[in-house]
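Let me begin by presenting the structure, written as C-alpha cells, before commenting on it.
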Amino acid sequence: MDFYKMQSPPPWDIHLSLDEMHPLVKSARAFAIEAHGTQTYSWKWKPQPYVRHLDHTVSLVQHSYPDEINAQIVGYLHDVIEDTSRTYDDILREFGSVIADNVLLCSDKVGLDRDDSKALTNAAFARADDLIYEPALRAKAADRLANWGLSLEDGKTKKCARYLAEYPSFREAIARPLNSKLIDELEVVNDQAHRNLQDIKHRFST
C-alpha cells in the first residue's frame with residue numbers, strides 16, 4: 001500500500017492514503033492544488049507546496065471521521081475562496097451547493113483586522129445549522145488542529161500564543177457533538193500550548 005506520510009507527523013502520527021482516497025475527494029484535492037498554484041505553507045520552517053497543509057487537514061478529518069466524504073472534500077477546499085482567485089461559483093459548478101456553502105462558511109469573513117475577521121467568522125459558525133454545515137464544522141476544527149499542532153511542534157511561540165488567545169471564542173463557536181473527536185484533540189494542544197507559554201514566562205521572569 002502506498003502511503004503519503006507527513007515528513008514531520010504530529011504526536012497522533014496520521015497517515016493519509018492517496019490510493020484509497022474516494023474519487024470525489026481526489027477531485028477536490030486536484031482542484032485545490034490547481035487553485036492554490038504556487039502558494040506555499042511553512043512546514044518545519046521551510047516553504048512547502050500548500051497541498052501539504054491540505055493533506056494534513058484532511059488526514060485529521062479522515063482519522064476521526066473516515067466515512068465523512070463531504071468533510072474531507074471541504075477540508076481540501078476550505079481555503080480556496082479565501083486565498084485564491086477561485087470563487088464560490090467555481091466550487092458550485094464543480095461540487096454542488098452543499099460543498100460550496102460549506103466552503104464559504106469556512107472562509108474567513110472580511111473584517112477591519114484579524115480580530116474582527118475572526119469574530120465575524122466565529123459568529124457565522126455559531127449560527128450554523130449542524131445538519132447543513134457538518135462538513136464545515138469538522139473541516140474547520142481539523143484546520144485549526146493542523147495549524148496549531150504544527151506551530152507547537154515547530155516552536156512558533158507567537159503563533160501558538162495567538163491561537164491560545166483565540167481558542168476560547170473559537171471553541172465556543174464551533175464545538176458540537178458532531179466534531180467532538182477533533183475538539184478533544186484541540187484540547188490536548190491547548191493544554192500543551194498553555195504549559196509551554198507558562199514555561200517561557202517563567203524562564204524570562206527568573
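Read the figures in this text as sums done on the coordinates, not as results from a lab. Note that this is a predicted model, so its numbers are computed, not measured. Here Cβ is always computed from backbone atoms with ideal geometry, including for glycine, and neighbour counts include all displayed protein chains.
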Problem - 5 angstrom amide H check on Lys109, placed H, neighbours 5+ away - result: Thr121
Fill in the blank from the handout: If the chain between Asp89 and His194 were fully extended at 0.36 nm per residue, the gain over the current Cα-Cα distance would be 33.7 nm
Problem - 222 nm mean residue ellipticity, helices alone, for the chain (DSSP H n ≥ 4; -39,500 (n - 2.57); rounded to 500) - result: -21500 deg cm²/dmol
Completion exercise
Computed Rg/Rh for segment 13-205 (Cα atoms; Rh = Kirkwood radius) stands at 0.96
Completion exercise
Note, segment 133-138: 3J(HN,Hα) by Karplus (6.51, -1.76, 1.60, θ = phi - 60°), whole Hz, Gly/Pro = x, goes 10, 4, x, 5, 5, 6
Exercise for the section: Read phi for every residue in segment 91-102 and hand back ³J(HN,Hα) as whole Hz from Karplus 6.51 cos²θ - 1.76 cosθ + 1.60, θ = phi - 60°, with x for Gly and Pro. Expected result: 5, 4, 5, 7, 10, x, 6, 4, 5, 4, 5, 6
Practice task
Report the one residue of Ile33, Val189, Tyr65 whose Cα lies farthest in the direction of the positive end of the charge dipole of the chain (charges on C-beta: Lys and Arg +1, Asp and Glu -1; origin at the Cα centre).
Solution key: Val189
Fill in the blank from the handout: If the chain between Ser117 and Asp129 were fully extended at 0.36 nm per residue, the gain over the current Cα-Cα distance would be 2.3 nm
Practice task
Would you please put 186-192, 93-99 in order of how densely packed they are, using the mean number of other Cβ atoms within 10 angstrom per residue and starting with the highest?
Solution key: 186-192, 93-99
Exercise for the section: Please give, to one decimal in nm, the separation of the simple spin-label points placed at Asp67 and Thr40, each 7 Å out from Cα toward the Cβ. Expected result: 4.2
Practice task
Quick one: which residues, 5+ away or cross-chain, put their amide H under 5 Å from the amide H of Thr40? H built at 1.01 Å from N.
Solution key: none
Exercise for the section: Using the Karplus curve 6.51 cos²θ - 1.76 cosθ + 1.60 with θ = phi - 60°, work out ³J(HN,Hα) for each residue of segment 20-37 in order, rounded to whole Hz, and write x for Gly and Pro. Expected result: 9, 5, 4, x, 5, 5, 4, 5, 5, 4, 5, 4, 5, 4, 5, 5, 6, x
Exercise for the section: Please build a GNM for the chain, connecting alpha carbons under 10 Å apart, and tell me which residue among Asp116, Asp55, Asp83 fluctuates the most. Expected result: Asp116
Practice task
Multiply the residue gap between Ser169 and Ser17 by 0.36 nm, knock off their C-alpha separation, and tell me the result in nm, one decimal place.
Solution key: 51.4 nm
Completion exercise
Between the Cα axis of helix 157-174 and the main Cα principal axis of the chain, the angle (0 to 90°, nearest 10) is 60
Handout entry: For peptides 143-150, 69-76, 24-31, 108-115, sequence by mean Cβ density within 10 Å, most packed first
Key = 69-76, 143-150, 24-31, 108-115
Problem - Part-to-part distance (alpha-carbon centres) for segment 102-164 and segment 50-84, which is given in Å - result: 13
Fill in the blank from the handout: For segment 69-141, shape from the Cα gyration tensor axes a ≥ b ≥ c, cut at a/c of 1.5 then a/b versus b/c, turns out oblate
